Amino acid sequence: MPRIGVFVCWCGSNIGGVLDCPAIAQEAASFPGVVFSTDYKYVCSDPGQKMIADAVIEHRLDRIVVASCSPRLHEETFRQTLKRAGLNPYFLEMANLREHCSWVHPHAQEAAQRKAIDLVRRAAAKAALLEPLFPNRIPVNKRCLVIGGGIAGIQAALDVADAGLEVVLVEREPTIGGNMAKLDKTFPTLDCSACISTPKMVAVAKHPKIKLYTYAEVEEVSGYIGNFKARIRQKARFVDHTKCTGCGTCWTRCPSSVPDEFNEGLGERAAIYIPFPQAVPNKPVIDAAHCRQFTKGKCGACAKLCPVGAIDYEQKDEVFEIEVGAVVVATGYGLFPWEKVYGEYGYGRYPDVITGMGFERLVNAAGPTGGKIQRPSDGKEPQTVVFIQCVGSRDEAKGKDYCSRVCCMYTAKHAHQVLEKIPDAKVYVFYIDIRTFGKGYEEFYRRVQDEGAVYIRGRVSKVFQEGSKLVVKGADTLLGEQVEIAADMVVLATGVVAAKGSHDLARMIGIPVDKDGFFQEAHPKLRPVETHTGGVFLAGTCQAPKDIPDTVAQASGAAAKVCALLFKDDLETNPMVSRVNNALCAGCLACQGVCPYRAIQPVTITERLPGQPPRERVVAQVNEGLCQGCGACTVACRAGAIDLKGFTNEQLLAEVDALCL
Amino acid sequence: MSVSKSEVMEAKEKVWQPKIVAFLCNWCSYAGADLAGVSRLKYPPNVRIIRVPCSSRINPQFILRALQRGADGVLVAGCHPGDCHYVSGNYFTRRRLLLFKRLLEYVGYEPERLKVRWVSAAEGARFADTIKEMVDELAYLGPNIRMREIK
Amino acid sequence: MKEITEILRREAARLLKEGIEFFIGYAAGSIPVSARPFFAARPEEVDDLVFNTFCVHNLVKYLIRYPNKRVAVVVKGCDNGAVSRLVQERHLDRTKITVVGVPCGGMIDRNRVLAELPPAARIEAVEDRQNALVIRTGQGEHVFEKKLYVMAKCQVCAKNNPASVDIMLGKEAPPVADPERDPFKEVKEIEALEAAGKAAYWERLIRRCLRCYACRQVCPACSCTECSFEQAVPGWQQGAMWLTKAKTLPDNFHYHLIRAFHVAGRCAGCAECERVCPVGIPLMLLNNKLTKDIKELFGEAPADACGVLCTYSPADPDEFA
């Protein structure tokens, strides 16, 4: 019979405010196998952990139950405590009294108390049956895959590479740089976005430890922490980049013109193009969907012009596999598709209603107007500009519930830029609340107001065209008045949403997404750059909307996590894997059929039974390096010959029984 | 005659309350239940959770055992199809439990006794709602007495 | 029937001379209106072999006792599925066994015939006349129209001539199934009951179970090295692992539901479980329920050798969303 110790945590008032922890500990003393039980304010604290270690010695405990928060938070903490106390770390079972009891049942204290006792009884019943488990060691591949070449991916790749590790950076667009490369200036310092991002782009391209694949996509990620395999598709560029010098002759004679995505459709580009002059790599690709050579079957203008013969219309996609030990996902964001839902702003019918990102291109010296603010409809300089905030953000009815975090500040920046570039211009900003939480942000907002931007608290109910003007009707809720403004241009602060295809990517890698499609971090506070899939980390806006400083900070955080992982020579494996009882296994291999990791293989054993000649027969064998411990096989096995360590049939049945008393 | 608060509570407690045993996969549904906690969503305290790595670890015998030994209802929750942490586990769960649920109903269990729901790590509210829904349904049905020896 | 018996004896003798270690077939039963399994080990023993309308047993499961011997076995159409099941699950080496197929015109449900004879009537002779079975007792001749007295599984049998056997004896038999009869008629009747009605129906039956495990022993799909229901917990904790051996209502239910679930998608419909049950529990109603649901939910042919539960389709119906 094991000797179980039960430690009930108050978690300050989080548990102790709802549940009577001393009473739970007292009750627990009567459970089978429990020889010691106590309660403490914070079991996870240093004195709390020491208390466990001391009790192990004093009461000769060999199984520990900690009744506190979710095991998803502190299981690893307490396993280390057990290890330090000289016990096998897997002699731990936790009862989740916080997330599953005190936090959700403050309205029913009596019933919650009984539930808490049941939960501890369950944990003690399982603890009594715990077995010592011993991890194996697996080697770590010291290479890192970064998916996405925006500022987050660039920063993560540079940090990891600077630490001396190899990095593979994959970007689906023809250039790295992401959304930041499109921006004109950055708030609140107004330093030029290109001036701070393009040197980093170049650093990536030049870094000896970084292998850059642009115009490429990750198609499959398999494997596990330390040993991932990724399949990458290099899309055909139809330009041989080993020959191309990037001279730029080719696109001068291209007969096609296509709305320019990089300029948010406000300009045009050729079918053979580089997205912008500072693109990395600074070599063109052919957009086959719009190239006459592909659509009409004849043209070849660029091929004739190219002085080095780099144009290759026959080029095919290339697919190859790489092995990496860690993955950083930095796939960035998209913008809320306002044209689909916001009828009051004209569903995108009015050319002079543009998005904030469109404004960035208009005001950018490298943009379609050379930095002059001009109306898309007639090219005139607008005198009155209306900004509408929270388009798609904080709108439960039509958009997303959340705040996109950057719109208040970029709108303030835009207002400043209008006032700076157009003398005597009038600027109005419709807002719900102004959120300026960052360093220097509130000061910047005040400065823009002082410069003359008029902030109106209220929603816009309608925008419509009247002659060459856009009439903006809205409410000023502070004054309680209706407002009508005849504007020359309207700029919508469209919210930040999950990037296109992010859900597919999440499925492919095996990481969860939250309700809005952003990737879910392992813990909102304590593990913000990790995912629940070991070895996969998050950087930037793919996790949630954030501004550039936060993105860069998170990217460096992810890089630090990657380094901490890849600097190890080998890793401990999860010992909670399947095992086969050969005596029970009849070799039907139903388990093999359900295993997603191909971890089960038939093996021939020689069975020696008393009174019978030795007999060769086939049984299932689990490869512990491949098994991830899902347990699907245990249910497929009718004989119960295959069981999952740490979640055995016996343990789970004991848990059921303990709860059904 | 005055009645103390604890006596009222005691009288209330004696009223039968449904007991639910829930099997939750570690990566989605257990995390979803954690999120319900973190978000302080209130739901009835009738559920007792057992953590399993994946919904495919849940042997139908666990469900039957719970129903026979004292549970009035059993909840099985896992990742949404296609989102399984272990690639395909919940597809097997779906097949197994589609069949097993029908078998239970065939021998006389009411359909409400076994509920299977996909609850992602982001769906704390869905978890809380599922429990509320189950408690309502089971309270209406009354105690589960099928296939038990009535003492 | 005489004719097929003669062919059977001839083939058995030949196989035994050619080195088969024994030939498993049927002999006349020790009581009237019955047959019994018979193992012929020498050519001179083949004269005891018969094949008639009472050869109800599925003989295939005997084979797993002799994994290393060369054995021949007689199979009817309904027994044939057991061969492929046991081969797929590595209980049998197909190269060591010789499967001898017999055409089957349906097997008589012995209990129903006996029930219609006058009480305490002594059977003097039994005669098989093509479509009728004639039983002479002290009280006269009783004629049973075979079609009406075949076993329930025969009434819906679609494979009375076994396919892909090593040796097929005699001429192909005409179909025995009654095309009018819905194989899931009884299942549907139970499904139509209210929950309480279903529970009452099953409780009455399941309460009877003696837990003799005959249904499991005879089932070709139940061939685990050690049945999970007989495993004990090792170590300091005493008792059974999955369920106790006590004959209680909950444990009986547990046994029957899980037995049926374990053979789901693997049951070949030989109905031996039901035939051997000493207390008459209609086990095929559980097996057929699962067969019916599998058909409705996942379609006809299981794509996987180990059954529908070892595979999946992302397009499976989703009631749990």
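Data table
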item: Residues located in region B:55-88, provided they are of a type in the set (D, E, K, R) and either closer than 23 Å to A:HIS532 by Cα or within 14 Å of the chain's Cα centre (by Cα) (or both); result: B:ARG57, B:ARG65, B:ASP72, B:ASP83
item: In region B:86-108, residue modelled with the highest pLDDT [restricted to those that are surrounded by fewer than 23 Cβ atoms within 10 Å (Cβ to Cβ) and part of a loop (DSSP other than H, G, I, E, B)]; result: B:GLY108
item: Among (1) buried (at least 23 other Cβ atoms within 10 Å of the Cβ); (2) farther than 25 Å from C:TRP242 by Cβ, the one test that B:LEU41 misses; result: (1)
item: Those residues of region A:401-424 which are buried (at least 21 other Cβ atoms within 10 Å of the Cβ) and modelled with pLDDT under 95, in sequence order; result: none
item: Unique residue being buried (at least 18 other Cβ atoms within 10 Å of the Cβ), of a type in the set (Gly, Ala, Ser), out of contact with any Leu (no Cβ under 9 Å at 6 or more places or on another chain) and farther than 18 Å from A:GLY149 by Cα when the list is A:ALA236, A:ALA288, A:ALA271, A:ALA279; result: A:ALA271
item: Selection status of C:VAL56, under 17 Å from C:CYS273 (Cα atoms), assigned to a loop (DSSP other than H, G, I, E, B) and aliphatic (A, V, I, L, M); result: yes
item: Of all residues making up region A:335-347, the number that are assigned to a loop (DSSP other than H, G, I, E, B) and either surrounded by 15 or more Cβ atoms within 10 Å (Cβ to Cβ) or among the basic types (Lys, Arg) (or both); result: 4
item: Subset tally (residues that are in contact (Cβ under 8 Å) with a residue 24 or more places away in the chain, in a loop (DSSP other than H, G, I, E, B) and at the interface with chain A (Cβ under 7 Å from one of its Cβ atoms)) for region B:37-56; result: 5
item: Members of region A:440-457 found to be in contact (Cβ under 8 Å) with a residue 24 or more places away in the chain and of a type in the set (Lys, Arg), listed by number; result: A:ARG447, A:ARG457
item: Subset tally (residues that are assigned to a loop (DSSP other than H, G, I, E, B), at the interface with chain A (Cβ under 10 Å from one of its Cβ atoms) and either in contact with a helix residue (DSSP H, G or I) (Cβ under 7 Å, 6 or more places away or on another chain) or at pLDDT 90 or above (or both)) for region C:227-263; result: 6
item: Residues that are more than 9 Å from every other protein chain (Cβ to nearest Cβ), part of a loop (DSSP other than H, G, I, E, B) and touching a residue at least 60 places away in the same chain (Cβ under 8 Å), drawn from region A:573-598; result: A:THR573, A:ASN574, A:PRO575, A:VAL577, A:ASN581
item: Residues of region A:356-367 that turn out to be surrounded by fewer than 23 Cβ atoms within 10 Å (Cβ to Cβ) and outside any helix (DSSP H, G or I), as a count; result: 3
item: Failed condition for A:ASP643, given (1) in contact (Cβ under 8 Å) with a residue 60 or more places away in the chain; (2) more than 11 Å from chain B (Cβ to nearest Cβ); (3) in a strand (DSSP E or B); result: (2)
item: So A:TYR445, is it part of a helix (DSSP H, G or I), of a type in the set (Ser, Thr, Tyr) and modelled with pLDDT of 95 or more; result: yes
item: Yes/no for A:LYS126 being touching a helix residue (DSSP H, G or I) at 6+ places or on another chain (Cβ under 9 Å) and touching a residue at least 40 places away in the same chain (Cβ under 8 Å); result: yes
item: Criterion: modelled with pLDDT under 95 and surrounded by 15 or more Cβ atoms within 10 Å (Cβ to Cβ) - qualifying residue of A:ALA493, A:ALA498, A:ALA522, A:ALA453; result: A:ALA522
item: Among the residues listed as B:ALA77, B:ALA66, B:ALA122, the single one being part of a helix (DSSP H, G or I) and in contact (Cβ under 8 Å) with a residue 24 or more places away in the chain; result: B:ALA66
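The values are calculated or read from the model by the stated rules, or taken from the named source; none is laboratory data. Nothing here was measured: the structure is a model prediction, and the numbers come from that model. Virtual Cβ from ideal backbone geometry, glycine too; neighbours counted across all protein chains shown.
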